[in-house]
């Protein structure tokens with residue numbers, strides 16, 4: 001049986017119903033995951049067609065993961081921008097002064113001069129970099145601490161999910177967390193860089209959409225870390 005592919009097979013334990021019950025074989029041994037029979041093909045993803053880890057845990061759906069991302073983003077965004085408020089205030093003051101100067105010039109009949117994109121980037125490079133770094137630091141601390149402590153962020157916990165290694169359950173190591181967050185949050189460090197920030201802003205979108213077509217249900221940051229997000233309720 002050691003060469004048999006992972007999948008659902010008739011349960012060899014007669015106490016569970018025998019051939020009327022399926023048990024998940026992870027490629028090495030029988031697991032504790034059971035499912036009702038019904039003619040499912042052996043070695044398939046499951047009789048219900050739901051994506052699972054090699055040992056049979058059900059993967060979390062994309063919509064559920066998106067909802068958790070929004071919840072976590074609200075928390076980290078509020079905390080991050082609160083801590084970065086000195087930089088936010090500088091940006092607001094810059095726009096207020098630009099508007100005031102343009103309004104006064106228009107009233108007096110003088111030519112209205114507004115800074116172009118390059119000038120605005122140059123004027124706001126410091127405050128924008130400050131906002132990006134502070135909010136990034138908040139997100140890293142938030143995600144890393146909860147992934148290590150609980151195996152999930154508060155958003156995922158609230159919606160009944162957790163993060164685990166694809167090949168084996170258990171507590172996530174720091175190296176796994178670092179790989180995961182490096183891909184998931186790393187592009188945020190480039191958001192204040194002209195033009196490059198616009199390109200970097202597309203990476204989280206691609207990362208977030210990837211599970212929709214990935215056969216293992218992984219985002220790009222899952223692939224980098226070898227993780228899956230699974231349902232626990």
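The values are calculated or read from the model by the stated rules, or taken from the named source; none is laboratory data. Note that the structure is predicted; figures quoted are calculated from it, not measured. Cβ: placed from backbone, ideal geometry, glycine included. Neighbour counts: every protein chain shown.
Observations
- Residue that is more than 20 Å from residue 229 (Cβ to Cβ) and part of a helix (DSSP H, G or I), where the choices are 147, 69, 78: 78
- Matching entry among 185, 172 (being in contact with a strand residue (DSSP E or B) (Cβ under 9 Å, 6 or more places away or on another chain) and either within 22 Å of residue 70 (Cβ to Cβ) or not in a helix (DSSP H, G or I) (or both)): 172
- Residue, modelled with the lowest pLDDT, within region 18-41, restricted to residues that are farther than 21 Å from residue 166 by Cβ and surrounded by fewer than 15 Cβ atoms within 10 Å (Cβ to Cβ): 41
- Test: residue in region 75-93 that is in the same structural domain as residue 186 (by TED's automatic domain parsing), closer than 17 Å to residue 180 by Cβ and either surrounded by 14 or more Cβ atoms within 10 Å (Cβ to Cβ) or at pLDDT 95 or above (or both): yes
- Test result for residue 155, part of a helix (DSSP H, G or I) and under 18 Å from residue 60 (Cβ atoms): yes
- Residue in region 130-137 that is over 24 Å from residue 208 (Cβ atoms) and more than 18 Å from the chain's Cα centre (by Cα) present: yes
- Conditions (1) modelled with pLDDT of 75 or more; (2) closer than 20 Å to residue 169 by Cα; (3) in a loop (DSSP other than H, G, I, E, B): number failed by residue 5: (1)
- Candidates 153, 176, filtered to the one that is in contact (Cβ under 8 Å) with a residue 40 or more places away in the chain, more than 24 Å from residue 31 (Cβ to Cβ) and crowded, with 16+ Cβ neighbours inside 10 Å: 153
- Matching option when the condition is touching a helix residue (DSSP H, G or I) at 6+ places or on another chain (Cβ under 6 Å) and either modelled with pLDDT under 95 or not in a helix (DSSP H, G or I) (or both), among 138, 112: 112
- When 188, 184, 218 are checked against the criterion of being in the same structural domain as residue 73 (by TED's automatic domain parsing), more than 27 Å from residue 128 (Cα to Cα) and in contact (Cβ under 8 Å) with a residue 24 or more places away in the chain, a single residue qualifies: 218.
- Filtered residues of region 156-173 (kept if surrounded by 14 or more Cβ atoms within 10 Å (Cβ to Cβ) and free of Cβ contacts under 8 Å to residues at least 40 places away in the same chain): 157
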